[in-house]
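Computed from the coordinates by the stated procedures, all read-outs in this text should not be read as laboratory data. Predicted model, so just to flag it, every value in this text is computed and none were measured. Neighbour counts run over all protein chains shown; Cβ positions are idealised from the backbone, glycine included.
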Amino acid sequence: VPRLKDAFPGVPCCFDTDVNAPAVAEAHEDPSIQSCCYVTVGTGIGIGVCIGGRPVHGLVHPEGGHMYTPIVESDLKSQFTGVCPFHGCCLEGMASAPSLAARAQKSIHDMKDVADDDPLWDTAAHYYAHACVSMTLMLSPEKIVLGGGVFNRSVLYQKVRAKTQQLLNGYIQHRRLLTDEINSYIVEPKYGPDAGIQGARFLAQQALLQSSPLQ
Ligand SMILES: [Zn+2]
């Protein structure tokens with residue numbers, strides 16, 4: 001950021017992760033909410049968190065893609081131990097695009113040939129749903145956005161919603177979790193594949209609005 005400020009004197013600059021930015025943008029898109037978790041699933045898994053309209057940084061920034069989730073039975077049987085070089089069987093290790101490709105014994109680019117009714121998507125949904133449950137219980141976001149290349153597989157959304165409701169088992173007494181309103185709780189990115197860049201645009205807009213015009 002200092003280098004940018006030196007290069008563009010007087011121009012407001014800000015910096016955040018590629019998942020926090022869309023999390024903030026998604027939260028501000030809907031005037032009825034102030035919090036959002038934004039999950040991207042591709043070659044890795046990233047989770048951005050916006051609470052009270054602001055991105056969460058904390059010690060560094062959230063790294064929810066590396067949370068541990070219970071291993072699904074089929075993975076226990078096949079002894080699939082995950083692909084994360086740091087943790088093996090964390091969320092990213094078990095449910096990123098490379099881990100799904102490893103199970104299917106295909107390249108990532110050939111994953112489009114896997115049918116919608118392949119059990120692999122139920123396996124994937126198990127992990128994403130556990131992540132949604134953890135986010136819901138720990139952060140109580142008003143919306144969870146699931147994006148990234150893997151979520152071009154639109155059949156995943158209903159699987160994740162159903163599994164999330166099953167795992168929560170009615171514990172969170174809110175209609176967005178108890179009823180079909182979960183369709184507006186676990187959602188696709190508003191800007192689709194442009195979620196990241198639109199998040200950056202939103203942060204830039206905020207930085208501009210917050211800076212003094214005389215600076
Ligand atoms: Zn990991």
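Structure notes:
- Computed over the chain: relative contact order in percent, which uses C-alpha pairs under 8 Å that are six or more apart: 24 percent
- Relative to the longest principal axis of the Cα atoms of the chain, the long axis of helix 155-168 lies at roughly 80 degrees.
- Spin-label pair K112/Q79, simplified geometry with 7 Å Cα→Cβ offset, distance in nm: 3.6 nm
- The chymotrypsin sites (Phe, Trp or Tyr not before Pro) of region 143-215 that DSSP puts in a loop, and whose beta carbon has at most 14 other beta carbons within 10 Å, are Y171.
- Residue with peak Gaussian network fluctuation, the chain [Cα springs, cutoff 10 Å], from V60, V187, V133: V60
- Segment D122-F86, length gained on full extension (0.36 nm per residue, minus Cα span): 10.5 nm
- Between region 170-215 and region 111-155, the Cα center-to-center distance that results, in Å: 18 Å
- With an a/c value of 1.5 or above and a/b not larger than b/c for the gyration tensor axes a ≥ b ≥ c computed over the alpha-carbon atoms, region 144-215 is described as oblate.
- Placing dummy labels 7 Å off each Cα toward the beta-carbon, the span from E29 to Q166 is 2.8 nm.
- Cα-based helix-to-principal-axis angle, 20-29 vs the chain, degrees rounded to 10: 80 degrees
- Shape call, region 1-50: gyration tensor on alpha carbons, a/c limit 1.5: oblate
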